[in-house]
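Data first, discussion second: the structure below is written as structure tokens.
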Amino acid sequence: MLNPQSVTATRLNSRRLNVTQELVDPNALDVVTKLKNAGFQALLVGGCVRDLLLGAAPKDFDVATDATPEDVRRLFRRSRMVGRRFRIAHVRYGRDIIEVSTFRKSVDLEEAGDRKATPDGLILRDNVYGTLDEDAFRRDFTVNALYYDPHEEEILDFVGGIEDLQAHRLRFIGEPRARLQEDPVRLLRAMRFQAKLGFDLDAGITDDAELTAARLMDIPSARLFDEFSKMFLSGYAMNVWKIIEPTPIRNVLFPATSADNRLVHLAMQNTDQRIAEGRPVTPGFLLAVLLWDDYQARISELTRNKKINEARLLAAHEALAKQRHVLAIPRRFSQFVNDVWQLQERLETRRARQIQRTLSHPRFRAAYDFLLLRSQAGLFETRIADWWTEIQETDSTQREQMITELAPEPRRKRRRRRQRRQS
Ligand code: ATP
Ligand code: MG
């Protein structure tokens, strides 16, 4: 499809575009410099170049090079090779990781080599190395295919990315239908970048959304879970949700979640706000929200012939199992969802004897946040949610008092018990 025969890049002075070395993460710069000193080509590429050109702070800095992952492995002591579908090197600097990928090319699907595709064109492995210009053409969107050479102080553009960036346009390199055929996840990426950057999607990207959404079912659930995390834990979850809500994508990714769900909207806003404030977020919380209605419906169904406690556990298990067909939810997150759900009942009923234990439960804080959200969504009594807010803010004597007030006539109960023991 894309066979750029000796394409030359438009080279632009990066300073004139307000992109300078000082804006680059020092570790990423170090990787580029060391690779160059060893005689390799090395440039910054992808989201970081795009974001720098937009005057935004990049989330991470990716390096592209003609060195193979093995070369990189040898050159950097603290590095390792990762990925099967897409082998790259990770170079570690303390807690920071720089991703280094070797130039790759887009090969005709029938062509042999280390690239595997299914009969309908889905790429399974993508490890055919190539040259810099070939690497540009195999990328998804023009604005994601810009390279920055921090030493030469140049931006390299093979695909008209600068123009699209300036026009705020998200455009596939090549034919949308073909690029989506190769990899339907690119539709999720298009919607994510639309949400993040506020760019317009180029014609054709959402034309066959129904078909593309259906083809997402062929994508490994682990990859879809990663994509889910990027979509909703990068600080623009509400925008992403608004975009996918009326589309078949919502149905495929979250088969149990309805549109116009107030709890979901509040949770997306809440997640974005937490990220903006630098507070921790977890995919577990969003999953607890997205699956809440389904969990509740299953409880009602199951209590017809099961005890309530058993029904709750089974309902949680079933709701998570259904979602796991699409997203490979790691164990620790489904455990988190389950804990938050099971704690709701304890928060709702406020049994005096359980309060202290509930307050010191490792998931109490998350469960409380979830309860607050439910009350904000009008799904639960604000009075009780407020009570939980208050008890966390009081000192220990006041806390005792609040708990005592909950217990119905505690003295009489105690006396009765004592009498029984004596007899
Ligand atoms: P973000 O700022 O959210 O990280 P990004 O553009 O860096 O955005 P990544 O997922 O980190 O996105 O991918 C890095 C780069 O790899 C992209 O900019 C793009 O050039 C290329 N890329 C990633 N996924 C694909 C894909 N499915 N098809 C083609 N190219 C891709
Ligand atoms: Mg990135």
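If packing is taken as the mean number of other Cβ atoms within 10 Å per residue, what is the order of 389-401, 324-336, highest first?
On the way: 389-401: 11.8, 324-336: 16.0.
Taking the mean over residues of other Cβ atoms within 10 Å, the ranking is 324-336, 389-401.
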Exercise. Return the single residue from 271, 404, 257 with maximal mean-square fluctuation; model: Gaussian network over the chain, springs between Cα atoms under 10 Å.
Key: 404
Quiz prompt | Cα gyration tensor shape of region 4-177, rounded if a/c is under 1.5, else prolate or oblate by comparing a/b with b/c | solution = oblate
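Could you give the dipole magnitude of region 220-404 about its Cα centre, charging the beta-carbon of Lys and Arg +1 and that of Asp and Glu -1, in debye to the nearest 20? Before the final figure, lay out the partial values.
Details: 26 positive and 21 negative charges, 117 e Å.
So the dipole magnitude of region 220-404 works out to roughly 560 debye.
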Quiz prompt | Cα gyration tensor category, rounded, prolate or oblate, for region 1-89 with a/c compared to 1.5 | solution = oblate
Quiz item: How high is the relative contact order of region 220-404, given as a whole-number percent (alpha carbon pairs under 8 Å, six or more residues apart)?
Solution: 22
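On the accessible surface of the chain, probed at 1.4 Å, how many percent belong to carbon and sulfur atoms?
Numbers: 9840 of 21420 Å².
Roughly 46 percent, rounded to a whole number.
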Quiz item: What 222 nm value per residue comes from the helices of the chain, counting each DSSP H run with n ≥ 4 as -39,500 (n - 2.57) and dividing by all residues, nearest 500 deg cm²/dmol?
Solution: -15000 deg cm²/dmol
Quiz item: Residue farthest toward the positive end of the dipole of the chain, with Cβ of Lys/Arg at +1 and Asp/Glu at -1: which of 167, 320, 83?
Solution: 320
Quiz item: Taking the alpha-carbon centroid of each part, what is the distance from region 305-348 to region 367-405 in angstrom?
Solution: 23
Quiz item: Using the Karplus equation 6.51 cos²θ - 1.76 cosθ + 1.60 (θ = phi - 60°), what ³J(HN,Hα) coupling, rounded to whole Hz, does each residue of region 173-183 give in order, writing x for Gly and Pro?
Solution: 7, x, 7, x, 4, 5, 5, 6, 4, 4, 7
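Provide the per residue accessible area, probe 1.4 Å, for region 4-177, rounded to a whole number of square angstrom. Present the calculation step by step, with values, prior to reporting the outcome.
Values: 8500 Å² over 174 residues.
Result: 49 Å² of accessible area for each residue.
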Quiz item: In degrees between 0 and 90, to the nearest 10, how far off the longest principal axis of the chain does helix 364-376 point, with axes built from Cα atoms?
Solution: 90
Self-check item: Sites matching trypsin sites (Lys or Arg not before Pro) across region 29-81 that sit in DSSP coil, with at most 13 neighbouring C-beta atoms within 10 Å
Solution: 59, 77, 78
Exercise. Express the accessible area of region 220-404 per residue in Å², computed with a 1.4 Å probe while the remaining protein chains stay in the model.
Key: 48
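The values are calculated or read from the model by the stated rules, or taken from the named source; none is laboratory data. As the structure is a computational prediction, the values presented were derived from the model and not from experiment. Heads up, the Cβs are rebuilt from the backbone with ideal geometry, glycines too, and the neighbour counts pull from every protein chain shown. Only protein heavy atoms, including side chains, enter the accessible area calculation; ligands, DNA and RNA are left aside. Shrake-Rupley method; radii C 1.70, N 1.55, O 1.52, S 1.80 Å.
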